[in-house]
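The values are calculated or read from the model by the stated rules, or taken from the named source; none is laboratory data. Quick caveat, the model's predicted, so the values are computed rather than measured. Cβ placement follows ideal geometry from the backbone for every residue including glycine, while neighbour counts extend to all protein chains displayed. Heavy atoms of the whole protein, side chains included, go into the accessibility calculation; ligands, DNA and RNA do not. Shrake-Rupley method; radii C 1.70, N 1.55, O 1.52, S 1.80 Å.
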Amino acid sequence: MTTAYRKRGVDYSTGSMFTLSPEFYRSEEIYREEIDNIFYRRWLMVCREEEIPETGAFITVAVGDESIIVVRDDRGTIRAHFNVCRHRGTRICEREQGQFGSGDIQCPYHAWRYRLDGTLKAAPLMNETPSFDMSDYPLHSAHVGLWGGFVFISLAEDPVPFETEMAGLIGRFEEWHLPELRIAHTIKYELKCNWKLILQNYQECYHCPGVHPLLSKWTPFRGAVHDCMEGAVIGGYMEMKEPNGGMTMDGKPASVPVCDVSGENLRRVHYYSVFPNLLLSPHPDFVLYHRIQSVTIDRIRNDCFFLLHPDVIADGTKMERFRSAIEFWDKTNREDWHVCEQMQLGLRSRRFERGRYSGQEDILFALDREVLKALGRTPPSR
Ligand code: FES
Ligand SMILES: [Fe+2]
């Protein structure tokens, strides 16, 4: 099978496609532009709803220089607040996750206290301060969007509406009943490469025959179909060689099909990147996703999650079998991380200029366009 072009978006089937210049992987100035225009503006996936299950449960999320508290309030609504006290700007919460004990968010410096919805509840002695009005000092809020059990935030004051940005996702993968699935396993990685290299690596299988001999056995690399080629959500799927195959060490299914997955989806492994930090991969028998956090220009945290139906998670025998999928993807991930780190090293060379994409990498050209568009720069020539 050859790559399917033009199902949605731009026609990349003709012309020459060149990579971004290496400056995009080594210039601190461009990295700062990316933080300002991408990570501070676009929708970022930060957690699953199940990770903040009850009132007061929270996580904190680092985005560039910012820290955001994502918390479930008294009404069960998920909220996102800048982790900055309105008194004198102290960072309030130091923990990565937890539960606000009394239901309040309290600054450690002068003990201003905020409700879970961000409103200021108590500010010691400030009633003696002329014209001080508590309602003028809520925590600054970030926007929250929910889809498929995933929690997204945007730090922009006026972001593109969530439904507009995620149009490519909404209505997709209904058979998986994503909100019902739960985290069965997590692997945390730290990588020495730029965040864009991981998105690029995820979206092409030109590298698969050499880098992933086992994966290539189960899903031949020329079987990639890209059906979303423009915008925040891009990707497609690969066909498994065997009718009853699976992405595991032995090529057999890791588990029973997820919820209502049927028909052609029993043979397909989907790979979608949700720009800029979610890699989402529904398989017939589980869902794999990666949450990318850019730490510096050449450092990322990459947390990899496996979702399953709670009935499968509760079944010890089924989970024993599922270890084969975890082992397979951990091995495959590490194969990928190695080449991404090697690429980051190579991109520091003063001799390397722009490279030339193969037809198998047309989707990377779409990713590059998304980066350039966000930075207000001219898309690359073809
Ligand atoms: S800085 Fe937070 S209470 Fe003073
Ligand atoms: Fe790979």
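Here are a few things to note about the model shown:
- Matching option when the condition is assigned to a helix (DSSP H, G or I), open to solvent by 10 Å² or more (accessible area, probe 1.4 Å) and within 16 Å of ligand 2 (Cβ to nearest atom), among Lys318, Lys331, Lys373: Lys331
Residues checked against (1) in contact with a helix residue (DSSP H, G or I) (Cβ under 9 Å, 6 or more places away or on another chain); (2) basic (Lys, Arg); (3) not assigned by TED's automatic domain parsing to the domain that holds Gly245:
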residue: Asn277; (1), (2), (3): yes, no, no
residue: Ser281; (1), (2), (3): yes, no, no
residue: Val287; (1), (2), (3): yes, no, no
residue: Gln293; (1), (2), (3): yes, no, no
residue: Cys304; (1), (2), (3): yes, no, no
residue: Asp315; (1), (2), (3): no, no, no
residue: Glu320; (1), (2), (3): no, no, no
residue: Arg323; (1), (2), (3): no, yes, no
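- When Tyr357 is tested against (1) modelled with pLDDT under 90; (2) surrounded by 15 or more Cβ atoms within 10 Å (Cβ to Cβ), only condition (1) is not met.
- Restricting the stretch 99-126 to residues that are at pLDDT below 95 and at negative phi, the residue that is most open to solvent (accessible area, probe 1.4 Å): Ser102
One line per residue, one yes/no per condition, for (1) over 22 Å from the mean Cα position of the chain (by Cα); (2) without any contact (Cβ under 8 Å) to a residue 40 or more places away in the chain; (3) within 16 Å of ligand 1 (Cβ to nearest atom):
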position: Leu116; (1), (2), (3): yes, no, no
position: Asp136; (1), (2), (3): yes, yes, yes
position: Gly145; (1), (2), (3): no, no, no
position: Gln200; (1), (2), (3): no, no, no
position: Gly210; (1), (2), (3): yes, yes, no
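- So Ile292, is it under 30 Å from Arg32 (Cβ atoms) and β-branched (Val, Ile, Thr): yes
- Note on the stretch 79-107: residues that are within 11 Å of ligand 1 (Cβ to nearest atom) and either touching a helix residue (DSSP H, G or I) at 6+ places or on another chain (Cβ under 9 Å) or part of a strand (DSSP E or B) (or both) amount to 6.
- Test: residue in the stretch 131-143 that is closer than 26 Å to Thr55 by Cα, outside the structural domain of Phe58 (by TED's automatic domain parsing) and open to solvent by less than 60 Å² (accessible area, probe 1.4 Å): no
- Note on the stretch 158-207: residues that are surrounded by 15 or more Cβ atoms within 10 Å (Cβ to Cβ) and either of a type in the set (Phe, Trp, Tyr) or part of a helix (DSSP H, G or I) (or both) total 17.
- Hits in the stretch 236-289 - residues which are open to solvent by 30 Å² or more (accessible area, probe 1.4 Å), part of a loop (DSSP other than H, G, I, E, B), of a type outside the set (S, T, N, Q) and farther than 23 Å from Trp147 by Cβ: Lys241, Glu242, Pro243, Met249, Asp250, Lys252, Pro253, Val256, Arg267
- Screening the stretch 69-95 for residues that are more than 17 Å from Gly145 (Cβ to Cβ) and surrounded by fewer than 14 Cβ atoms within 10 Å (Cβ to Cβ) and picking the one that is farthest from ligand 2 (Cβ to nearest atom) gives Arg88.
- In this entry, Asn244 passes the filter for residues that are more than 18 Å from the chain's Cα centre (by Cα) and polar (S, T, N, Q).
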